[in-house]
1. May I ask you to list the residues in segment 13-34 that are exposed (fewer than 14 other Cβ atoms within 10 Å of the Cβ) and either in a helix (DSSP H, G or I) or touching a residue at least 24 places away in the same chain (Cβ under 8 Å) (or both)?
2. Report, ordered by the first and then the second residue, all pairs with beta carbons closer than 6 Å, sequence separation of six or more or different chains, a first member in segment 89-104 that is closer than 14 Å to Glu144 by Cβ and modelled with pLDDT of 70 or more, and a second member that is in a loop (DSSP other than H, G, I, E, B) and not acidic (Asp, Glu).
3. Show the residue pairs that are 6+ apart or on different chains and have beta-carbon atoms under 6 Å apart, the first residue being within segment 35-58 and under 11 Å from Ser78 (Cα atoms), the second being aromatic (Phe, Trp, Tyr).
4. Could you tell me which of the residues Ser23, Ser69 is among the hydroxyl-bearing types (Ser, Thr, Tyr) and either modelled with pLDDT of 90 or more or in the same structural domain as Ala152 (by TED's automatic domain parsing) (or both)?
5. Kindly provide the set of residues from segment 60-75 that are in a helix (DSSP H, G or I) and buried (at least 16 other Cβ atoms within 10 Å of the Cβ), ordered by number.
Amino acid sequence: MFEGNNDIPLLDALKSGNTDAFSQCYTTYRVRLTVYAISILGSEPDAQDLVQDFFAEFYERALYNKVNSSLKAFLYASIKNRCLNRVRDDANRQRILKIIAPPEDHVSPDGHMDMRRLQTEISVTIGNIAPLSSKVFELAYFREMNRNEIAAEMGISPNTVKNQLWRALKIVKAHFGQKLKLK
């Protein structure tokens, strides 16, 4: 039905609500976009999940209506941006987890952490954060959810998640930074 390299008929069909057009788009681009995502993320399972999530959102939110020229360019740019956001979010998560890693006084001479003491300290620190910020922090760093997932679960905007997470991180960094003498 939608033959050749020209995506214009496919895009027109998508915009008119043709479900076969979505199936064709998915079939045509899924593997290529997954390979592209693997090249950025370095992980096939992560790339597959990211592409699958993208196509679900592409269809559910009718993102194809935002395409003005090239469907192919839009798809690749969307996947690239999602991959770069994932890499950034993972790097930020690792940096924060490193900051809240157990200080030396939480590690016994045999190298084991006093987990109860560490958990208590983290709980107390998070308890000093406003409830919304605390919940956002817990979802982001303990359940490893991204901003959009947190926003959906909590029924708030991704921008609110970003702001609340920033507030929580400021407090956590200050607390653990002082303990670890970080600047």
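The values are calculated or read from the model by the stated rules, or taken from the named source; none is laboratory data. Because the structure is a prediction, the values reported are computed rather than measured. No Cβ is skipped: glycine too gets one built from the backbone with ideal geometry, and neighbour counts run over all protein chains shown.
1. Passing the criteria: Lys15, Thr19, Asp20, Ser23, Thr27, Val31.
2. Asp89/Asn146
3. Here the result reads Phe55/Tyr26, each pair linking segment 35-58 to a residue that is aromatic (Phe, Trp, Tyr).
4. Going through Ser23, Ser69 in turn, the sole match is Ser23.
5. Leu63, Tyr64, Leu71, Lys72, Phe74, Leu75
Matching residues to (1) modelled with pLDDT of 85 or more; (2) in the same structural domain as Asp46 (by TED's automatic domain parsing); (3) over 30 Å from Asp46 (Cα atoms); (4) of a type in the set (Asp, Glu):
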{"position": "His106", "(1), (2), (3), (4)": "no, no, yes, no"}
{"position": "Asp114", "(1), (2), (3), (4)": "no, no, yes, yes"}
{"position": "Gln119", "(1), (2), (3), (4)": "no, no, no, no"}
{"position": "Val124", "(1), (2), (3), (4)": "no, no, yes, no"}
{"position": "Gly127", "(1), (2), (3), (4)": "no, no, yes, no"}
{"position": "Pro131", "(1), (2), (3), (4)": "yes, no, yes, no"}
{"position": "Lys135", "(1), (2), (3), (4)": "yes, no, no, no"}
{"position": "Glu149", "(1), (2), (3), (4)": "yes, no, no, yes"}
{"position": "Ala152", "(1), (2), (3), (4)": "yes, no, no, no"}
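The rows are residues; the columns are (1) touching a Cys at 6+ places or on another chain (Cβ under 8 Å); (2) under 13 Å from Arg82 (Cβ atoms); (3) aliphatic (A, V, I, L, M).
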{"position": "Arg30", "(1), (2), (3)": "no, no, no"}
{"position": "Gly42", "(1), (2), (3)": "no, no, no"}
{"position": "Pro45", "(1), (2), (3)": "no, no, no"}
{"position": "Ala56", "(1), (2), (3)": "no, yes, yes"}
{"position": "Tyr59", "(1), (2), (3)": "no, no, no"}
{"position": "Leu63", "(1), (2), (3)": "no, yes, yes"}
{"position": "Asn68", "(1), (2), (3)": "no, no, no"}
{"position": "Leu71", "(1), (2), (3)": "yes, no, yes"}
